[in-house]
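*Asks:* Once you've had a glance at the structure underneath, I'll fire off some questions.
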Amino acid sequence: MENKPHAFWAGLFTIGLLVVIALVVFFFSADRVVRVPYDLISHSNVTGLSPDAAVRYRGLDVGKVRSISFDPHKPGQIVIRILVDQKAPITRSTFGTLALQGVTGIAFVQLDDTGQDLSPLRSSEAHVAQLPLHPGLLDQLQRRGEALLRKLDSVADDLDALLSEPNRQQMMAAVTSLHQAADSANTLAKQLEPTTQRLPATVADLQRTLQSTNQLIQNVNRPDGPFQTNLNKAGTAAERAGTALQSMNASIEDLSARLGYDTLPRVNSLTDDVRSAMRSVDRAAGTFSTSPTSLLFGGAPLPTPGPGEPGFAWPAAAGGK
């Protein structure tokens, strides 16, 4: 009789413990967040997205995907019903995209906002608001895949043209030329090696020359140096030369005055006498050339008087005899 009450109480305790565990699990696992439904409208593929997938707003978990279905009113359009925390800042400029979780291929909904219209977007079970689903990275790659393939084909054609036989020959010739240029550079380096070895001595000579030049400049700049002394002597000599030039100028002015007032009048008188003598010589030469006998018999015959002169007589006419 004692085993039956013991078994009863043990069973009752076990049942009670299971009920408490179930209540605790329900309490901690129950989702008490109030979620608001929204419809994402997609015109592209939703590969990798499934119900119960995560919904994130700029990386923060704000809900999950409830269902994915086709729009019966618009063929080809997909409606994704999501449940979002009512505290999430869903506005009229909010949009969604599909993103992948690592390399698993499982997609989730990424919500973002353009910031153009920040007024809140209200939604309820009776009137579910709609959000646009923009193409994700994979969709963009798929849309641009054709253009990328065309570009790849073009690049492949360019590579084929680049690697054609004539171009390969030209590239081999260019490589050969580069090899020859490298050999020439090595030869030139070997030829320049003696000059390079003499460079340290040349640099040392140049440094000594610079030191000598600096010392010369310092000596020139010294007030009591030979250069300044010679300059002072040259200045003194220049002053003496200036005094001599002033004296010479005074002598020249005196000489000019004497020539102007004394010598030039005498020269003019002498010039007049010479001119008179020359005229006399000219007359004597004319007389000699006209009557050479006058030199022997003296006196030159007087010229026949002309009309109007004393002693002029008209010649007799031929028929007067």
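*Asks:* Within region 69-91, take every residue that is among the aliphatic types (A, V, I, L, M) and in contact with a Ser or Thr (Cβ under 8 Å, 6 or more places away or on another chain) and give me the one that is farthest from PRO120 (Cα to Cα).
*Replies:* In this case the residue turns out to be ILE78.
*Asks:* Tell me, yes or no, whether region 14-33 has at least one residue that is under 26 Å from ARG92 (Cα atoms) and at pLDDT 85 or above.
*Replies:* Checked against the condition, which is being under 26 Å from ARG92 (Cα atoms) and at pLDDT 85 or above, region 14-33 yields no hits at all.
*Asks:* Going by what's in this entry, would LEU131 be described as modelled with pLDDT under 90 and either of a type outside the set (S, T, N, Q) or more than 43 Å from the chain's Cα centre (by Cα) (or both)?
*Replies:* no
*Asks:* Name every residue in region 37-71 that is more than 18 Å from VAL128 (Cβ to Cβ) and over 56 Å from the mean Cα position of the chain (by Cα), in order of residue number.
*Replies:* SER50, ASP52
The values are calculated or read from the model by the stated rules, or taken from the named source; none is laboratory data. Everything numeric here is computed off the predicted structure, so don't read it as measured data. Reconstructed Cβ throughout: ideal geometry from the backbone, glycine too, with neighbour counts over all protein chains shown.
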